[in-house]
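Engineer: Below is one structure. I have some questions about it.
No value in this document is a laboratory result; all are computed from the given coordinates. Source: prediction; values computed, not measured. Every residue, glycine among them, receives a Cβ derived from its backbone with ideal geometry; neighbour counts consider all protein chains shown.
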Amino acid sequence: KMAAVSAGRAAARRSRRFFDIFVADVPWTVSSKELKEYFSQFGSVQRCQLPFDKDTGFHKRYCWIKFSTPEDVQNVFQKDSHILEGAKVIPQRSHRSKPSAMLS
């Protein structure tokens, strides 16, 4: 049983880059908890990282989201626009994909 768990972890590690999205223009008032709650409507959010600026005490207005499956990520991009606290946030695929894939 343990072997299966560690094999699963290795597979998850290998495929990690496909799951993450980068979100730009996050409003100052939005917390990582709120981001996680918002993106949970598209699938299972494993992690939400909202970097803070030590100097200002504010977050840097961007975050990374890690989903459980590629389908969850697809769901995010099925939606035309994402509004959080009245402001539009811009999710992008965080791994470098071919430009043609971005246009489709």
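Engineer: What list of ³J(HN,Hα) values in whole Hz, one per residue of region 49-64 in order, does the Karplus curve 6.51 cos²θ - 1.76 cosθ + 1.60 (θ = phi - 60°) give from phi, with Gly and Pro shown as x?
Structural biologist: Ordered by residue, 3J(HN,Hα) equals 10, 10, x, 9, 8, 4, 6, 8, x, 9, 6, 8, 6, 8, 8, 10 Hz.
Engineer: In nanometres, what is the gap between the two model label sites at D55 and K36, each 7 Å from Cα along Cα-to-Cβ?
Structural biologist: Result for the modelled spin labels: 2.9 nm.
Engineer: Under 17 Å from a point placed 7 Å out from the Cα of E85 along the Cα-to-Cβ direction: which residues of region 21-35 have their backbone N that close?
Structural biologist: Within reach of a label on E85, which here means backbone N under 17 Å from a point 7 Å along Cα→Cβ, region 21-35 contributes 23-35.
Engineer: Now for a different question. Using Cβ counts within 10 Å as a stand-in for footprinting exposure, how do K60, K66, K54 rank, fewest first? Mind dumping the intermediate values first?
Structural biologist: Working: K60 11, K66 20, K54 6.
If I rank by nearby Cβ atoms, fewest first, I get K54, K60, K66.
Engineer: Mind listing the long-range amide H neighbours of R47? Cut-off is under 5 Å, sequence gap 5 or more, other chains count too, H placed in the peptide plane at 1.01 Å from N.
Structural biologist: Result for R47 returns K66.
Engineer: For H82, list long-range residues whose amide hydrogen, built 1.01 Å from N in the peptide plane, is under 5 Å from its own amide hydrogen.
Structural biologist: The list, which skips near neighbours in sequence, is V89.
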